[in-house]
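Q: I have a structure here, written as structure tokens, and I will follow up with some questions on it.
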Amino acid sequence: MASALLPRVAFATEAASAPYDFWFTRLMYESGDWDVDQRMPSNIIDSLLQYTTLRVDATEHVIPLADSRMLSAPFCYLAGHKLVEFNPEERANFERYVRNGGFVFVDDCNHDIDGLFAKSFEAEMATIFGDNALVKLPKTHAIYRSFFRFDGPPNTAFELNGWGDDLVHDYLKGIEIGGRLGVLYSNKDYGCEWDFDWRNKRFQAEDLTRFAVNIVTYALTA
């Protein structure tokens with residue numbers, strides 16, 4: 001399958017000496033504000049350790065999108081509120097990574113389809129992959145049953161509170177390469193939803209990070 005083209009090995013950091021199945025890679029890009037929702041990665045890592053048997057690196061890794069080290073990551077995260085305008089090196093690495101079996105989860109922190117992040121990121125995807133590459137995912141997509149079962153993308157409190165475009169987005173978008181999802185794109189602001197103090201998790205009626213487990217599981221196994 002396409003993912004076989006991408007080496008699933010750790011890059012040259014402290015993590016390289018340990019045989020991890022998963023490490024969280026946040027992509028740094030020159031435009032916009034990439035450094036958002038700083039507690040979110042640790043909550044996803046905690047849930048992966050709780051629910052799965054994956055060998056998970058407990059450290060978040062921040063790698064410039066223009067750096068070739070990101071090409072060996074099993075999963076990448078990209079988010080922000082502002083302009084997304086890749087430079088040539090960033091654009092080349094993003095395309096190479098996705099076309100060779102990589103997986104990028106992109107989250108719009110504005111949860112606003114008419115916002116600057118949404119418009120500029122979607123324009124970048126059209127430039128790289130074509131005007132019609134980014135499409136709505138059906139609620140039957142495998143990502144909704146890769147670990148836990150969902151009827152579609154779970155809502156966030158920010159949508160339900162009317163923040164952003166005052167809409168509840170009942171879909172996610174994605175780009176498939178060779179029948180496999182390589183880019184998962186959300187206007188639902190999952191990053192903020194999962195950006196909480198870990199000590200408060202025990203007070204939640206439902207674990208909000210379970211869908212993150214699905215995303216990671218899909219990225220590693222599809």
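The values are calculated or read from the model by the stated rules, or taken from the named source; none is laboratory data. These numbers were taken from a predicted model, which means no experiment stands behind them. Cβ: placed from backbone, ideal geometry, glycine included. Neighbour counts: every protein chain shown. All accessible areas refer to the heavy atoms of the entire protein, side chains included, with ligands and DNA or RNA removed. Shrake-Rupley method; radii C 1.70, N 1.55, O 1.52, S 1.80 Å.
Q: Taking a 1.4 Å probe, which of 68, 146 shows the most accessible area, and what order do the others take after it?
A: 68, 146
Q: Between beta-carbons, use under 15 Å as the cut-off and find the net charge around residue 94, counting Lys and Arg +1, Asp and Glu -1. Please list the in-between numbers first.
A: Working: positive: 26, 69, 91, 96, 99; negative: 30, 67, 85, 89, 90, 95, 122, 124.
Charge balance near residue 94 sits at -3.
Q: Rounded, prolate or oblate: pick one for segment 128-195, where a ≥ b ≥ c are the square roots of the eigenvalues of its C-alpha gyration tensor, a/c under 1.5 means rounded, and failing that, prolate if a/b is larger than b/c, else oblate. Can you show the working numbers first?
A: Values: a/c = 2.18, a/b = 1.42, b/c = 1.53.
Oblate shape, in that a/c is at least 1.5 and b/c is the bigger or equal ratio.
Q: Give the relative contact order (percent, whole number) for the chain; include only Cα pairs under 8 Å separated by 6+ residues. Write out the running numbers ahead of the final one.
A: Details: 421 pairs, mean separation 52.4, N = 222.
Contact order relative to length: 24 percent.
Q: Three principal axis extents, largest first, for the C-alpha atoms of the chain, in Å?
A: That gives 41, 39, 32 Å along the principal axes, largest extent first.
Q: Quick check for me: using +1 on Lys/Arg Cβ and -1 on Asp/Glu Cβ, what's the dipole size of segment 52-116 about its Cα centre, in debye to the nearest 20?
A: Values: 6 positive and 11 negative charges, 73 e Å.
That gives a dipole near 360 debye.
Q: Which residues' amide hydrogens lie under 5 Å from the amide hydrogen of residue 62, considering only partners 5 or more residues apart or on another chain, with H built in the peptide plane?
A: It is 26, by chain and number.
Q: Ordering 201, 188, 136 from largest to smallest accessible area (1.4 angstrom probe), what's the sequence? Each step should come with its number before you reach the end.
A: On the way: 201 30, 188 0, 136 125 Å².
Heavy-atom accessible area, descending, gives 136, 201, 188.
Q: Across segment 177-190, in residue order, what do the Karplus-derived ³J(HN,Hα) couplings come to in whole Hz, using 6.51 cos²θ - 1.76 cosθ + 1.60 with θ = phi - 60° and x for Gly and Pro?
A: Ordered by residue, 3J(HN,Hα) equals 10, x, x, 10, 5, x, 10, 10, 10, 10, 9, 8, 6, 5 Hz.
Q: Now a separate question. Anything over 21 Å Cα to Cα? Flag those among 139/173; 82/188; 119/173; 139/201; 139/188; 136/188, in the order listed.
A: Numbers: 139/173 11 Å; 82/188 16 Å; 119/173 14 Å; 139/201 27 Å; 139/188 15 Å; 136/188 13 Å.
In this structure, 139/201 lie more than 21 Å apart at Cα.
Q: Follow-up question, since we're still on this one. If I model a spin label at residue 68 and residue 150 as a point 7 Å from the Cα along the Cα→Cβ vector, what separation in nanometres do I get?
A: Each label point is offset 7 Å from its Cα along the Cβ direction, giving 3.6 nm.
Q: Considering the dipole of segment 110-222 built from charges on the beta carbon (Lys and Arg +1, Asp and Glu -1) around the Cα centre, which of 129, 143, 111 is farthest to its positive end?
A: Checked the options; the winner is 143.
Q: Does segment 77-179 come out rounded, prolate or oblate by the C-alpha gyration tensor, with a ≥ b ≥ c the root eigenvalues, rounded set by a/c under 1.5 and, if not, prolate when a/b is larger than b/c and oblate if not? Each step should come with its number before you reach the end.
A: On the way: a/c = 2.10, a/b = 1.19, b/c = 1.76.
Oblate, since a/c reaches 1.5 and b/c is not below a/b.
Q: While we're on this one: How much solvent-accessible surface does residue 49 expose, in Å² to the nearest 10, with a 1.4 Å probe and all protein chains in place?
A: About 90 Å², ignoring ligands and nucleic acids.
Q: Stretch residue 52-residue 119 to full length: gain in nm at 0.36 nm per residue minus the Cα-Cα span? Mind showing how you got there, number by number?
A: Working: separation 67, 0.36 × 67 = 24.12 nm, distance 3.55 nm.
Stretched out fully, the residue 52 to residue 119 stretch lengthens by 20.6 nm.
Q: I need to check one value: relative contact order of segment 68-140, counting alpha carbon pairs closer than 8 Å and at least 6 residues apart, in percent. Mind dumping the intermediate values first?
A: On the way: 70 pairs, mean separation 25.8, N = 73.
RCO, segment 68-140: 35 percent.
Q: Quickly estimate the mean residue ellipticity at 222 nm for the chain, helices only: each DSSP H run with n ≥ 4 gives -39500 (n - 2.57), and the total goes over all residues, rounded to 500.
A: Working: 6 runs with 58 residues, N = 222.
Computed mean residue ellipticity for the chain: -7500 deg cm²/dmol.
Q: To continue, here is another question. Taking amide H positions as placed in the peptide plane 1.01 Å from N, state which residues far from residue 177 in sequence (5 or more) or on other chains have amide H under 5 Å from it.
A: Amide H neighbours of residue 177: 182.
Q: Turning to a different aspect of this structure: Amide H to amide H, which residues 5 or more places from residue 80 or on other chains are under 5 Å from it, using H placed in the peptide plane?
A: 107, 109
Q: May I pose another question? Shape of segment 162-221 from its Cα gyration tensor (a ≥ b ≥ c, root eigenvalues): rounded if a/c is under 1.5, otherwise prolate when a/b > b/c, or oblate?
A: Numbers: a/c = 2.96, a/b = 1.37, b/c = 2.16.
Taking the square roots of the gyration eigenvalues as a ≥ b ≥ c, segment 162-221 is oblate.
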